[in-house]
Amino acid sequence: MAMTTILAISGSLRRQSTNTALLRAAGQLLPAGASLILHGLADIPMYDDDVRQQGYPAPVEALRRAVAAADAVLIATPEYNRSFSGVLKNALDWVSRPPAAPLAGKAVGVVGVSPGALGTGVAHYQLKHVLTAMGAFVVPGAEVMVGHSAQKFDTEGRLTDEATQKFLAAHLERLIDLARRLR
Ligand SMILES: Cc1cc2nc3c(=O)[nH]c(=O)nc-3n(C[C@H](O)[C@H](O)[C@H](O)COP(=O)(O)O)c2cc1C
């Protein structure tokens, strides 16, 4: 069977981001036949339609091409003020514009980490709403909302909590299954 490629995007830019750490952990939990590449958002400028009409800036074009080339996308979102981050919304807005909207028809998994108990639950649903509006197919079923992050990662940012590893691995299986059905 052909390799299933997953593009992983974190909504947090900080070096010690727990959301980025969750994506790194996902890369270690993949089943055979799948690969995962992290794509950073640090160079994505603020959305400006005047700029877009003159041509996508290089970092935006690179993101759009990476999304288009991947079989699936895995997004880890932090929760900022009971929503997902502006960094992520800005990137999604760039990706949603013509001539092609590369997330349309794509399998997308949503995961998230927070220090509090709710594990980005509110951000999750707002993000899913936006992804659905963009025509993405969001993985249904059990969700990976990782709360109490201080107890789930070690000081090096490694995901050490076994239950979370299992939830994440199961989510990856479902994301890959959805991507293969949509292929
Ligand atoms: C602007 C801002 C708003 C935040 N609002 C929330 C929130 O509404 N709910 C929550 O659980 N955590 C909130 N937090 C805390 C984040 O969950 C925490 O900083 C988390 O570690 C961010 O993810 P990261 O580790 O991937 O950077 C907020 C943090 C920032 C910077």
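Any read-out appearing in this document is the output of simple, stated calculations on the displayed coordinates, not a laboratory observation. Since the structure is predicted, the reported quantities are computational estimates derived from the model, not experimental observations. Quick reminder, even Gly has a Cβ in these numbers, built from the backbone with ideal geometry, and neighbours come from all protein chains shown.
Note on the chain: Rg/Rh from C-alpha atoms, Kirkwood Rh, equals 0.95. Shown for LYS106, LYS128: other C-beta atoms within 10 Å of each C-beta, ranked fewest to most, produce the order LYS128, LYS106. Report the antiparallel proportion of the DSSP beta bridges in the stretch 1-98 as a percent, rounded to a multiple of 5. Given both bridge residues lie in the stretch 1-98, the antiparallel proportion sits at roughly 10 percent. In the chain, what percentage of the DSSP-assigned beta bridges are antiparallel, given to the nearest 5? Among the beta bridges of the chain, antiparallel pairing accounts for roughly 10 percent. Relative to the 2.2 N^0.38 Å rule of thumb, the stretch 65-142 has a C-alpha radius of gyration ratio of 1.07. Listing GLU79, GLU143, GLU61 from fewest to most neighbouring C-beta atoms within 10 Å gives GLU61, GLU143, GLU79. Each of VAL144, VAL138, VAL60 was scored by other Cβ atoms within 10 Å of its Cβ. Listed from fewest to most, they are VAL138, VAL60, VAL144. Peptides 89-96, 24-31 ordered by packing proxy, namely the average of other Cβ atoms within 10 Å per residue, highest first: 89-96, 24-31. If R0 equals 22 Å, the separation of the Cβ atoms of ARG65 and SER35 corresponds to a calculated FRET efficiency of about 0.85. The calculated Kirkwood hydrodynamic radius for the stretch 9-85 is 14.1 Å, given to one decimal from all distinct C-alpha pairs. Distance from the Cα centroid of the stretch 141-183 to that of the stretch 1-77 is 17 Å (rounded to whole angstrom). For the stretch 15-125, a simple Cβ point-charge model (Lys and Arg +1, Asp and Glu -1, everything else neutral) yields a dipole of about 220 debye relative to the Cα centre.
Using 1/(1 + (r/R0)^6) with R0 = 41 angstrom and r between the beta carbons of ARG180 and ARG82, what's the FRET efficiency to the nearest 0.05? About 0.75, to the nearest 0.05.
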